[in-house]
1. Tell me, how many Å apart are the Cα centres for the stretch 329-405 and for the stretch 114-133?
2. According to the Cα gyration tensor, what semi-axes, each the square root of 5 times an eigenvalue, does the equivalent ellipsoid of the stretch 144-303 have, listed from largest to smallest in whole Å?
3. Given a Förster distance of 22 angstrom, what is the FRET efficiency for I364 paired with W297, based on the Cβ-Cβ distance and rounded to 0.05?
4. Expected output is a single nm value to one decimal: the length gained when fully extending between D68 and E494, i.e. 0.36 nm times separation in residues minus the C-alpha distance. What is it?
5. Two decimals, Cα atoms only, Kirkwood Rh: what is Rg/Rh over the stretch 58-181?
6. Looking at the stretch 108-172 from every direction and averaging, what is the projected area of its Cα convex hull in nm²?
7. Put a dot 7 Å past each Cα toward the Cβ at R18 and R749; how far apart are the dots in nm?
8. Taking neighbour Cβ counts within 10 Å as the exposure measure, how do E129, E375, E304 sort from fewest upward?
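Each value in this text was obtained by applying a stated rule to the coordinates, not by laboratory testing. Keep in mind it's a predicted model, so treat the numbers as computed, not measured. Methodologically, a virtual Cβ is constructed for each residue, glycine included, from the backbone with ideal geometry; neighbour enumeration extends over all protein chains shown.
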Amino acid sequence: MDLPADLNPEQRAAVVHRGGPLLVLAGAGSGKTRVIVHRIAHLVEAGAPPWSILAVTFTNKAAGEMRDRVERLLGPAARDVWVSTFHSAGAQILRREAEAVGLTREFTIYDEDDQLSLAKRILREANREADSASARDFLAAVDRAKNGVADHDRTGDLPELAERYRRSLRAANAVDFGDLLALPVELFQKRPDVLARWRRRIDHVLVDEFQDTNLVQFKLLELLAPPGTDLCVVGDDDQSIYRWRGADISHILGFERDYEGAAVVKLERNYRSDGNILAAAQGVIEKNEHRHGKRLWTERGPGEKLHLLWAQDERDEADRIAAGLAELHEGGLPYGEMAVFYRINAQSRVLEEAMRIARIPYVIVRGRSFYERAEIKDAVAYLRLMVNPRSDVDLLRIVNSPPRGLGETTIERLSRHASFANLCLYDALAPQEVLRIEGLNAGARARLGKLRVLLDELCELAHTASAGTAAEAAIVRTGLLGRWEAAQEPEAVERAENLRELVGAAGEMDARFERDRSEGARPEGLPAFLGPSEAVPAADGVPPEPGSDLDETPEGGALLRFLEEIALLGEADGNTPADRVSLMTLHAAKGLEFDAVAIAGMEDGILPHSRALGFGASPEEMAEERRLCYVGFTRARHHLMVSCARARALFGDLRFNAPSRFLADVPAELFDRPLPEREESPWKRERAASGVHVDYSYDQSYRAPRSFGGGRRYPPRGRRTMELEVAPTVAPVGATGMTVRHAVFGVGRVVAADGDGPDAKLTVRFPSVGDKRIVARFVTPV
C-alpha cells in the first residue's frame, strides 16, 4: 500500500520509522491519529502479522475511532490488530491469566459505586468513619498505592485496611479499575514465563496520549516492550493535564533517557486552528520551563482576533456568552459546533440558566449517564450475579430490588452470618445456611429462600443464553420491569423504557459477537491470538497448541463482553446529542474540537485555579494550569472567546479576582480590544476606608465583533453598575434592621452585625438568596 501523498514530511517519517523506539511529539491538531493508523497499516504491509501489533489509548471512543480507521486502510486484516484502551487490555490479560492471580475468568469489574459500597463496609467493620467522604479518601489512598504513588497515612492502619479491601475483592471474584493494570504488572513481574509468552505475541506496541500515562501504565509498557524493542509513543507534553489522577509528565519528558537511542519526530503543523488562536496558545504555553521545544504553525491565515469579554459579574458573563453563540447560529453555524468551557463545575449553573433563557439547546457533557441510572444499575447487578454470584456488592444492591419484604434487620443478620461463617452472601442463602441464621422468623427465611432460587435460575440461564436473552430475564423474571410498568407516573414509564433499552443494547452486543464469530475474527478489542480461531498463528509463526490457554474463548461469551464494556465506559465515551452547545470542564474538553469555543472565568483563582496560587503551591501546579489553558485554546478552529468577570459569586462568596495572568501572556494585538494592565484594571482590589467610592461600571456601548455576537448590544438583566460606597454610618451600632444594597444579591436587611467600621461583618437577609455573611464595605445603605 502506497503512503498517502498528503502526509507531510514529519508524519511520513513517523509512519515509516523502523528499528527501535520512537517518540512522536504531536502538537494539538497535528494529525497524530492519522500517523498512528498509517503506521499500523505500514507495519502490516511491510510483513508484520496483524496480531503482533498492540495499539493502546485511553478512551473507548478513541480506540473505536482508531479501529475503524485501521479497518478502512487494511480491510478485514484490521480485525486481527489489537486496538484497546489500557484498562481493556488489562482486563483481557486477566481473563486469560485469571487463575494465576486468584480469580476465575468470570470475575466482575467493580465501578466507582461498587468500590464505594465495599469501602464503607470495610471502614464500618474497622469502627472507622464510614461516610462517603471518608470512603472516597480511603479508596483514593488505595488507588495511589496501586499506582506506585507514596502516601502518608495519618492513622497508621491504612495497610491493614487496604489488605482487607483486597481480600474482600478476591472473595467476591472481583477487581477494581486499579487492579486491571496493577495485577497484570504484578503477574508479569512474578512470572517471567507468562511475560515471555505475551512478549512472543506482541512485536509492535503503539501508545496514544503517552503524556497521560501513570506509573503502573508505564511499567506495563516497559514489561511488554522493553528498551530496544519496537515501541512507538505518541503524545504532547503541553497537553498533560491529568496530574491529579496520577499522570506523570516525566514519562514523555524522559523517554529518550528511559529508551536510549530513541528516534524523535516533531509534528508541529496544525490542521485545526487559525493562526491567531495558535499564536495565543503559544504565548501561554511557552512560559512553562520544562517542556519539549516546539511551535505550532499553520498554512491557514491568521483568522479572527480573540474575542475578549469583560463582564460585570458571572450572570452578565453567561448572558453575553449566550448572546454571542446565538449570533453565530444566526450566521449559519450549527450549535453542535460550539462549546463553552469552564475550570470549575460550579460555574455551569449560571451558564445553563443563560442558555435556557436564550432558548439555546445545550448539553452538559458527561459519559455514563444511561448506565448510572438506578434502574439500569439494578438490572446490571442481576446480570453480573448471573456470571459471578460471589459478588456481595451486587447481591446487596438487588436483595430488596424490587421490594421483596426483606427489612434492614434481616439483611444485616444475613450479612453478619456470612461474615462469621466466612461465606459470600450467595452461599449464605443456601437452604442449610439460612436455617442457621439467628433471629430470623419463618417469613424472612422463606423470602431469602425464594431469592436464592431466583438467582440459581438466572445463573443456570447465563451458561447458555445470549446477552439479550440474559438481559430480558434480568428485568422480567426478577420483576424489575413489572414494578415500573405497574406504575403510571411519567418517571416510571421512562424507567421501564430504559430497561427495555438495556435489552436492546445487549442484543446489539450479540449481533457484533456473532458477526465476529462467523467471520472467524475475535470480538472487538480482543487480540487475535486470544480469540476463538485455532488457525491464527502466533507471532513466532507457531500455531497455539489446541486447548492451550491462549486459544480458548472466555466463558460467558457475549454476556461477559457486554458487562465488561459497561464497566469500562469512561466519562469521555458518551455520545453528545446533535446540534446542541456543549458545556464542559476544560479537563473534559481534551481531544475534542469545535468551530467556536468560549472559555468562561479567565481570572486568577479560577484559571489558574486558586490551588496553584496559594502558599506552598508547587511550580508544577501552575505549569499544569497553563497546559489546561493551552488545551482549551487549541480546541477552537475559528472563533475563540475568553471572558472574565469583575465580580463573581462562587461557593457562596463574592470574589473580586484579577484577570487571569494567562491573558497577559497572549500578545495584545491578538485581542479585539485592549486588555487592561493588571495593576490598573477595574479588578484592582481597592479596599477603601470610609467615604471612598469604587465605580466598577463597564462600557455598555461595547459591541463584540460581528463574528461572535457582534452588532448586538448586551443589555444587562437589571442593575449591573457596582456602586460600592462605604459610609461610616454602616457600622454595627444601630445597623441591625438597616436596608442595604449589594452589587450581586440586591437589596436586603441587616439582621446581625459583628465588628466596627468598614470591616464589620454583617449578616444580611436577601429575599433572593437568604442570609449572607458580608463585610460592611461591600454594601451601601438604601
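1. Computed from Cα coordinates, the inter-centre distance equals 24 Å.
2. Details: eigenvalues 268, 96, 36 Å².
Ellipsoid half-lengths, sorted descending, are 37, 22, 13 Å.
3. With R0 = 22 Å, the Cβ-Cβ based efficiency is 0.05.
4. Details: separation 426, 0.36 × 426 = 153.36 nm, distance 3.33 nm.
Additional length available on full extension: 150.0 nm.
5. Working: Rg = 17.9 Å, Rh = 16.4 Å.
So for the stretch 58-181, dividing Rg by the Kirkwood Rh gives 1.09.
6. Values: hull surface 17.1 nm².
Taking a quarter of the hull surface, the average projection is 4.3 nm².
7. 8.6
8. Values: E129 13, E375 21, E304 18.
Ordered from fewest to most neighbouring Cβ atoms within 10 Å, E129, E375, E304 come out as E129, E304, E375.
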